[in-house]
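Right, one structure below, let's go through it.
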Amino acid sequence: MENWAIALTCALAVSLVSLLGVATFSLSGQRQRKIINLLLSLAAGAMLGNALLHLLPHALEAAGRERPAIVEVAPAASHQDNAGRQEPEILEPEHDHDHEHGSAPVNTSQEHHHEHDHVSGHPGLSVIALLLLGFLALFGLDLTLLTFAGADKEGVKPLGYLVLLSDGLENFLDGLVMGAAFLVSVPAGLAVSLAIFLHEIPMELGDYAVLRHAGFSSRKALLLNFVSAIVNVLGLSLAFLLGGTLPGFTSIATPLAAGAMLYLAASGLVPQLRMQGGGWQKLSYFGMTLLGVAVMAGILLLE
């Protein structure tokens, strides 16, 4: 129960990062627009870094762990130990029992490895397929919103709703990760929470900027960003409820979230930034994008 209280406090603290956008309330319209464009650039870099440096590697690592272990098959012949006792023959389930007594080993580990690769393919292929599915799913949803909805009555662009959807999924995953870490130990949970907290600062600032750019008012963008962020409590609760026994879910949802992030950055933000401002402003946008990637890379040192 004590672990749960500490974990919940950390999850709420991470959620409060989403309220950093309130700092822009007092800025004038023109100045706020410049700040938002810079934050959009930061968001693009943070999303690219998050997808390719955090989510995708975690998904590939999980796929590698789920791959069946390679076991070397011992010679079929039984042998005697130093005391002259006959040791029992050990057979693997896949072992060919038709080999003659005293024959050479059925296969080397390298041959088993080659055979497994030939049959099952690269373990990362399923991860890349899910990443592509996440990218295409968001692309299809984007086209559907543009075709049948366009901007809603308040003038909000579909991009705003796509950001809320993908960010909510990622925050849910963050909650699952935090919960699983706290189930291991409090220090492990605190370390993971700190990494997620630092990771969320550029992400949430960028998300707020995207919501404002999409047409939400300042207060509504702030509220919706917070609602999307606090979804991590649901993930945390589910991890504690089920004892962190949902590897199947995270291995599917993580690359899907990465694909969604890639779509938002590459198709939603970068093309719009290319059309904003003059020469020096475009360079400043590129610099902020690099900063977003660098921040995500720096956080790897804490993981």
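Observations
- Proxy reagent accessibility, fewest Cβ within 10 Å first, across Asp142, Asp174: Asp142, Asp174
- The range 166-188-the range 192-225 distance, computed between alpha-carbon centres (Å): 18 Å
- Extension gain (nm, one decimal) between Arg65 and Ala297, 0.36 nm per residue minus Cα-Cα: 81.2 nm
- Among Arg219, Arg212, sorting on how many other beta-carbon atoms sit within 10 Å of each Cβ, with the fewest leading, yields Arg219, Arg212.
- Ala23/Leu165 FRET efficiency (R0 22 Å; Cβ-Cβ; nearest 0.05): 0.30
- Additional length obtainable on full extension of the chain from Val186 to Glu2, 0.36 nm per residue less Cα span: 65.3 nm
- Neighbours of Gln272, meaning other residues whose beta-carbon lies under 14 angstrom from its beta-carbon, give a summed charge of +4 when Lys and Arg score +1 and Asp and Glu score -1.
- Chain lengthening between Leu238 and Leu194 when straightened (0.36 nm per residue, less Cα-Cα): 13.8 nm
We did not get these values from a lab; they are worked out from the coordinates using the rules stated. The model shown is predicted, which means the values in this text are computed figures rather than measured ones. Cβ: placed from backbone, ideal geometry, glycine included. Neighbour counts: every protein chain shown.
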